[in-house]
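S.K.: Here it is, the structure, as structure tokens.
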Amino acid sequence: MLIFKYGFWPSLLIILLLLIVLAFAAAAAGKWQFNKQIDSELEKLKLENKINQKTEVINESDLVGLPEPVKNWLQNSGVIGKKPIKAVNIEQSGLMKLAAEQEKWYQPQAKQYISVAEPGYLWQVDLAMMPVINTKGRDLFDQGDASMIIKIASLLPVVNQKANDKLNESALHRFLLEIPWYPTASLNDYLDWEEIDSSSARATINYQEVKASAIFNFNQQGNLIRTEAMRYKESDEDAERIKCTGELGGFKTVDGIKVPTEIDVSWYLEEGKFTWFKVKVDEIGFEY
């Protein structure tokens, strides 16, 4: 071959460099294509969220009939006198583990758009799992259907889950459990509340023939401090619901509404509690 006119080792080095260049080019193309898909899905989700919704400011009468701990939380959160939140944009960081036996924490960088008027979200994350090579994931919940994609170098799919009953229910649970970031959703027609005791209440959401429930725990100051649901961690045929919790802290005020900036998300496995994501909110903004 002509390339070997330079000698074996120099030629081998040239071949290796060419392979590296091709690999980076393929990764760049894969990243562009994956990001283009995500952008398209995001625009569709945003367009669907532009539906008619109550635009009048929330007043005390809107809280009538709610369980006392929920009413106290909403008042303490500052929703009175505010317009209902229609969408949320969040930038996240924190610490993440993908398996209970994993010792090292990954440091994700994530963005999430949440449609509140019409329940849905798109969450995308970049995760440096290996040197140089980045892993990108996307979770989508749109019109009651959920899907999940994870690609190494934005190119090689290692997870590609399509909508099914268990995945859809788990995604709706996630939307419900993340209501602390958009508390005005507690007043939307798709949500019902039931008082458990003076410091807890159960919320049930019905959407697109899917139903999900979660328990919300509050402290005496009217802060929401913990959420809990029986939720699918997997979506295969043998998957069963297990306890999933969110422990909230680090509150900040955005547009006069108090929201948590730290949430520890945990699954309760047979071997014990597995905290897989210590979420830190770096930026959060509302659309009305």
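Throughout, read-outs are computed from the coordinates displayed, never taken from laboratory work. All of these numbers come straight from a predicted model, not from anything done at the bench. Positions of Cβ are backbone-derived with ideal geometry, glycine not excepted, and every protein chain shown enters the neighbour counts.
S.K.: Below 15 angstrom from the Cβ of I196, what's the summed charge of the other residues (Lys, Arg +1; Asp, Glu -1)?
M.R.: So the surrounding residues net to -3.
S.K.: Tell me the Rg and the Dmax, in Å, that the Cα atoms of region 141-266 produce.
M.R.: 15.9, 50
S.K.: Mean Kyte-Doolittle of at least 0.0 and a Cα length of 30 Å or more along the axis: which whole DSSP H helices of the chain meet both?
M.R.: The answer, listed by residue number, is 8-48.
S.K.: Same structure, new question: State the label only: which of (i) 158; (ii) 126; (iii) 326 corresponds to volume of the Cα convex hull per residue in Å³ computed from the shown model?
M.R.: (i)
S.K.: Give the residue list of GluC sites (Glu not before Pro) in region 178-237 that are DSSP loop and have at most 10 other beta-carbon atoms within 10 angstrom.
M.R.: E209, E237
S.K.: Just in region 50-95: which GluC sites (Glu not before Pro) are loop by DSSP and have at most 10 other Cβ atoms within 10 Å?
M.R.: Loop-located and lightly packed - E56.
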